[in-house]
Amino acid sequence: MTSTAADRSDLFPDRLVVAVDGTSGSGKSSTCRGVATRLGLRYLDTGAMFRAMTWWMLEHGVDVHDPAAVAARADEPVIVSGTDPAGPTITVDGTDVAAAIRTDEVTGSVSPVSTVPEVRARLLRLQRDIIGADVDPTGIVVEGRDIGSVVVPDAPVKLYLTADAAARATRRAAEQGAADVAATEQLLLSRDAIDSGRATAPLVMADGAVHVDTTGYTLDEVIELVVGMVDRVGT
């Protein structure tokens, strides 16, 4: 987990990678899927991979608050991520977990699991394998919290999406059917603090990334902005 832009500049020299990082509820998933669809690219939700790892730990009775216990089993689950933006899939040991990884139990446990260095190292390898897979099309939009800083530091397009905390909470509560927007906001702020403060691959705006505050924009406007950035790289 010590890779830098300097020592990994040759990761994917022939591949267009759009790296999108940012805070929870800032519109990363919808933006990335929209951009990938518009441009005919693949799409990878790395957050779903961490949720899948967390789901597996819970299913196997691992104490997610015990870093040593999580680290000891981080190599066991077989996690497979589909990259079709129209219908991204994720399985663990052959089981479809697309719905299971969005439960409150997983949501409340993903932060401590994601801070374990062995988990991040395992999923970093998987993420780079997917990004570098020799399939058409030759480009991919990748969302997460350390894509531009760690996973693909030399990506030609790097963005950092944020939004006002209240706006993020409203969006997330609507997605999850939650009535308590204030509680949702506190959960998001807590997740931000954990992600930004962890020792391994913290949430930061990568060098060279463009900061986009999505608060005052529609989804279509944000997608159009990103598509424009990708088009400029290709010209």
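With respect to Val150, is the statement that it is open to solvent by 10 Å² or more (accessible area, probe 1.4 Å) and on the phi < 0 side of the Ramachandran plot true? Considered against the rule, which asks whether it is open to solvent by 10 Å² or more (accessible area, probe 1.4 Å) and on the phi < 0 side of the Ramachandran plot, Val150 comes out as yes. If the condition is being at pLDDT below 95 and out of contact with any helix residue (DSSP H, G or I) (no Cβ under 7 Å at 6 or more places or on another chain), then region 89-111 contributes Arg102, Thr103, Asp104, Thr107, Gly108. Take the conditions (1) in contact with a Phe, Trp or Tyr (Cβ under 7 Å, 6 or more places away or on another chain); (2) β-branched (Val, Ile, Thr); (3) more than 23 Å from Val150 (Cβ to Cβ); Val110 misses just one of them, which is (3).
Any chance region 82-99 includes a residue that's without any contact (Cβ under 8 Å) to a residue 24 or more places away in the chain, under 28 Å from Pro137 (Cβ atoms) and either in contact with a Phe, Trp or Tyr (Cβ under 8 Å, 6 or more places away or on another chain) or of a type in the set (Asp, Glu) (or both)? Yes - at least one qualifying residue is present in region 82-99. Could you please give the count of residues in region 201-232 that are surrounded by 12 or more Cβ atoms within 10 Å (Cβ to Cβ), out of contact with any Ser or Thr (no Cβ under 9 Å at 6 or more places or on another chain) and of a type in the set (Val, Ile, Thr)? Number satisfying all stated conditions: 3.
Here's a check for you: in region 108-121, which residue that is touching a residue at least 12 places away in the same chain (Cβ under 8 Å) and in a loop (DSSP other than H, G, I, E, B) is farthest from Gly47 (Cα to Cα)? Please lay out each step first, then the result.
Taking region 108-121 as the starting set, the residues that turn out to be touching a residue at least 12 places away in the same chain (Cβ under 8 Å) are 109-121.
Still in the list and also in a loop (DSSP other than H, G, I, E, B): 109, 115-116.
On the way: Ser109: 13, Thr115: 13, Val116: 14 Å.
Checked region 108-121; the qualifying residue farthest from Gly47 (Cα to Cα) is Val116.
Among the residues of region 33-45, is there at least one that is aromatic (Phe, Trp, Tyr), part of a strand (DSSP E or B) and at pLDDT 95 or above? Looking for residues that are aromatic (Phe, Trp, Tyr), part of a strand (DSSP E or B) and at pLDDT 95 or above, one finds at least one in region 33-45, hence yes.
Assess whether Ser29 counts as being in contact (Cβ under 8 Å) with a residue 12 or more places away in the chain and part of a helix (DSSP H, G or I). In short, yes. As a summary of the residue check, Val78 satisfies the conditions (1) out of contact with any helix residue (DSSP H, G or I) (no Cβ under 7 Å at 6 or more places or on another chain); (2) without any contact (Cβ under 8 Å) to a residue 12 or more places away in the chain; (3) hydrophobic (A, V, I, L, M, F, W, C) except for the one numbered (2).
Within region 69-107, being open to solvent by 40 Å² or more (accessible area, probe 1.4 Å) and in a helix (DSSP H, G or I) holds for Ala72, Arg73, Arg102, Asp104, Glu105, Thr107.
The values are calculated or read from the model by the stated rules, or taken from the named source; none is laboratory data. These numbers come from a predicted model, not from an experiment. Glycine also receives a Cβ, built like all others from the backbone with ideal geometry; neighbour counts cover every protein chain displayed. With ligands, DNA and RNA removed, areas are computed over all heavy atoms of the protein, side chains included. Shrake-Rupley method; radii C 1.70, N 1.55, O 1.52, S 1.80 Å.
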